[in-house]
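The values are calculated or read from the model by the stated rules, or taken from the named source; none is laboratory data. Since this is a predicted model, take the numbers as computed values, not measurements. Heads up, the Cβs are rebuilt from the backbone with ideal geometry, glycines too, and the neighbour counts pull from every protein chain shown. Quick note on the areas: whole protein, heavy atoms, side chains included, nothing else; ligands and nucleic acids left out. Shrake-Rupley method; radii C 1.70, N 1.55, O 1.52, S 1.80 Å.
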Amino acid sequence: MAKTGMRYVVAAKLKQENNGALPTYEKGMVIGRAISAEVSLTRTESSLYADDVLAESENAITGGNISIGMDDILEDAQEIVFGLVKTGNEGSYEYDDKAVGAPYVGVGYLQERRFKGVVSYMPYWYYKVQFAPMDDRAQTRGEKVEWQTTTASGTMMGVVKDSSQIATFRTHKVCATAEEAVEWLNQMAGITA
């Protein structure tokens, strides 16, 4: 399976986490135009040896890290993702970084893949992520423009969404069309037309 594209990054602030049910989210939004995504899962790794051989092993997901590269994240999206505080009046808002943790959000994106010549679309949804405030970097323009883009990096956590009482960290779906994948992400993020 070859991955051939990525787009449509969405996020929604987590409203309520319900043990044994899907979390609920506030109204979500597209937070930027996608460049890249990198997810690394944290696992518990443990081995039990008995009678001089490996008898059991454990390799369960316990969390993870996610980094999403985008062309930019506008301030309205930064309120959701990083917890920026908007002050001021219409037309002259200021956005403050406060010494408080960013809110928990659900975040997702659409990945395109090709397998044996067939294109499919895989929307991914991460149920609970806390992003760190963005670092900032700027550089003067020289003979050539060097594009300076944004990366949102966060910690992925699990939610208990059903009676199994087992934490779930992410979900995805395989869709035949990009439209179907976008519709699914919109449903997950509470985005309405």
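Of everything in region 40-79, what is part of a helix (DSSP H, G or I) and either modelled with pLDDT under 85 or more than 25 Å from VAL100 (Cα to Cα) (or both)? Give them in sequence order.
Within region 40-79, GLU75 is the sole residue that qualifies.
Any chance region 32-43 includes a residue that's touching a Lys or Arg at 6+ places or on another chain (Cβ under 8 Å), within 18 Å of MET156 (Cβ to Cβ), small (Gly, Ala, Ser) and surrounded by 12 or more Cβ atoms within 10 Å (Cβ to Cβ)?
Within region 32-43, one or more residues are touching a Lys or Arg at 6+ places or on another chain (Cβ under 8 Å), within 18 Å of MET156 (Cβ to Cβ), small (Gly, Ala, Ser) and surrounded by 12 or more Cβ atoms within 10 Å (Cβ to Cβ).
If the Cβ limit is 6 Å and pairs must be 6+ apart or interchain, which residue in region 147-168 that is among the charged types (D, E, K, R) pairs with which residue that is open to solvent by 70 Å² or more (accessible area, probe 1.4 Å) and modelled with pLDDT of 85 or more?
These pairs meet every condition: LYS161/LEU22.
Out of the residues in region 142-170 that are β-branched (Val, Ile, Thr) and within 17 Å of ILE68 (Cβ to Cβ), which is surrounded by the most Cβ atoms within 10 Å (Cβ to Cβ)?
Within region 142-170, the match that is surrounded by the most Cβ atoms within 10 Å (Cβ to Cβ) is THR150.
Under the condition of being of a type outside the set (A, V, I, L, M) and open to solvent by less than 50 Å² (accessible area, probe 1.4 Å), which residue from region 124-141 is modelled with the lowest pLDDT?
Out of the qualifying residues, it is PHE131.
Sort through PHE82, PHE115 and tell me the only one that's buried (at least 21 other Cβ atoms within 10 Å of the Cβ) and aromatic (Phe, Trp, Tyr).
Exactly one residue qualifies, and that residue is PHE82.
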